[in-house]
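To keep things clear, I will list the structure first and then write my remarks on it.
The values are calculated or read from the model by the stated rules, or taken from the named source; none is laboratory data. Not measured: the values here are computed from a predicted model. A quick note on method: Cβ atoms are made from the backbone with ideal geometry, for glycine too, and the neighbour counts reach across all protein chains shown.
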């Protein structure tokens with residue numbers, strides 16, 4: 001019985017490792033593109049995702065219509081003012097002439113109009129495409145990160161005087177992360193992100209993890225959870241930022257019950273952005289070679305109840321996605337703070353090389 | 001004991017981010033294994049590079065008059 005349970009547990013682990021590794025190393029392709037377009041891109045483009053209900057069709061018509069009208073002017077003018085003097089004398093005058101000219105647009109005229117519109121649009125697009133923004137190497141984030149890193153460490157990370165104050169500051173960081181990611185999602189109401197959680201390890205055996213801090217404490221929390229049941233654990237082992245687009249999809253092997261709460265209710269969230277907090281130690285071996293050891297001390301989980309929140313068109317062609325990297329860059333100062341606050345006395349797991 | 005100099009070459013650091021991921025790279029910057037200023041430059045350039053949008057995305061944003069999120 002115990003052997004069967006152990007075997008099932010090992011199989012589950014293998015399946016979870018394979019799932020996370022596969023998602024990190026392979027491109028999503030057409031399937032991901034379809035799901036992402038359906039859940040994220042299309043609703044955004046037609047204005048369902050933002051406050052202003054700008055409709056794709058209305059916006060497109062308003063942009064393209066003046067172009068067509070402009071392109072029609074020379075064609076209509078040619079018809080209203082014929083070159084032939086006899087025809088000009090017989091031609092109708094005023095608005096009637098314009099309407100008649102529009103009504104008599106033939107396929108050749110239409111082709112001319114479309115050609116003008118095409119080249120005008122093409123010119124605008126190429127301007128956008130080739131316009132490269134200059135990279136600013138010193139951003140406000142860079143300075144903040146440097147400042148945070150230079151804070152002296154004392155017993156409670158050198159920032160606060162008590163563990164309670166340290167925990168309050170950690171929660172404040174989670175709120176900051178929620179705000180930053182909401183800005184990135186263009187979500188002014190901050191309703192898309194449902195929770196931000198910081199998981200850490202309970203001991204050095206890597207077997208159990210616990211919630212150190214979370215924004216929404218709606219249900220009683222377990223003191224600790226078996227690590228191998230958590231997707232955050234497998235992400236911690238990879239040491240990479242990972243975006244889960246649909247946690248409740250049938251391909252996802254992880255249990256759909258809330259691991260952290262006592263009542264084990266079903267999870268509401270579908271998208272999760274996992275951000276491992278990494279520390280590094282260098283060792284110099286006997287041959288004088290430097291060996292880097294990366295350790296994960298915890299994982300930040302940003303959750304949303306909607307699928308494909310942490311996805312953008314184009315991510316299907318990149319093996320690790322892009323959103324997670326851009327989001328990481330946005331929340332870097334908070335990550336630095338979380339690292340400083342949590343690293344003192346934290347248990348750590350070595351990241352798989 | 002050998003004194004280890006922090007990595008400074010920005011191009012080399014860009015390749016390192018590709019290899020180990022942005023979170024581990026940041027961890028190494030924080031520990032001093034990578035020069036902080038060079039690390040920040042490399043990360044900035046890397047994020048700029050990966051956040052470039054495909055033509056279809058640019059076209060859709062242009063037509064729908066919506067904001068390109070990464071450029072906000």
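Checking A:69, A:65 one by one, the residue that is more than 30 Å from residue A:305 (Cα to Cα), surrounded by fewer than 16 Cβ atoms within 10 Å (Cβ to Cβ), modelled with pLDDT of 75 or more and within 13 Å of another protein chain (Cβ to nearest Cβ) is A:65 and no other. In the set A:337, A:273, A:341, which member is more than 9 Å from chain B (Cβ to nearest Cβ) and modelled with pLDDT of 90 or more? Of the residues listed, the single one that is more than 9 Å from chain B (Cβ to nearest Cβ) and modelled with pLDDT of 90 or more is A:273. Scanning region A:264-296 for residues that are farther than 15 Å from residue A:237 by Cα and either in a strand (DSSP E or B) or in contact with a helix residue (DSSP H, G or I) (Cβ under 7 Å, 6 or more places away or on another chain) (or both) returns A:266, A:271, A:272, A:273, A:281, A:282, A:283, A:284, A:290, A:291, A:292.
If I ask for residues that are touching a strand residue (DSSP E or B) at 6+ places or on another chain (Cβ under 9 Å) and surrounded by fewer than 19 Cβ atoms within 10 Å (Cβ to Cβ), which ones from region A:195-207 would you list? Residues satisfying the conditions are A:202, A:204, A:206, A:207.
A single entry from B:67, B:37 fulfils the requirement of being assigned to a loop (DSSP other than H, G, I, E, B) and modelled with pLDDT under 85: B:67.
Can you find a residue in region A:282-294 that is more than 7 Å from every other protein chain (Cβ to nearest Cβ) and buried (at least 17 other Cβ atoms within 10 Å of the Cβ)?
Pass one, region A:282-294, residues more than 7 Å from every other protein chain (Cβ to nearest Cβ): A:283, A:285-287, A:289, A:291, A:293.
Those left that are additionally buried (at least 17 other Cβ atoms within 10 Å of the Cβ): none.
Among the residues of region A:282-294, not one is more than 7 Å from every other protein chain (Cβ to nearest Cβ) and buried (at least 17 other Cβ atoms within 10 Å of the Cβ), which makes the answer no.
Scan the helices (runs of 4 or more DSSP H) fully inside region A:81-169 and keep the ones with 1 or more residues being modelled with pLDDT under 75, within 14 Å of another protein chain (Cβ to nearest Cβ) and surrounded by fewer than 12 Cβ atoms within 10 Å (Cβ to Cβ). Spell out how you get there, then give the answer.
On the way: elements: A:85-90, A:95-103, A:107-130, A:140-149.
Fully inside region A:81-169 and qualifying: A:107-130, A:140-149.
Considering (1) more than 7 Å from every other protein chain (Cβ to nearest Cβ); (2) more than 25 Å from residue A:24 (Cα to Cα); (3) touching a strand residue (DSSP E or B) at 6+ places or on another chain (Cβ under 9 Å), say which one residue B:37 fails and leave the rest. Among (1) more than 7 Å from every other protein chain (Cβ to nearest Cβ); (2) more than 25 Å from residue A:24 (Cα to Cα); (3) touching a strand residue (DSSP E or B) at 6+ places or on another chain (Cβ under 9 Å), residue B:37 violates only (3). Does any residue of region A:298-305 turn out to be within 8 Å of another protein chain (Cβ to nearest Cβ), in a strand (DSSP E or B) and either over 28 Å from residue A:39 (Cβ atoms) or more than 14 Å from the chain's Cα centre (by Cα) (or both)? The answer is no; no qualifying residue exists.
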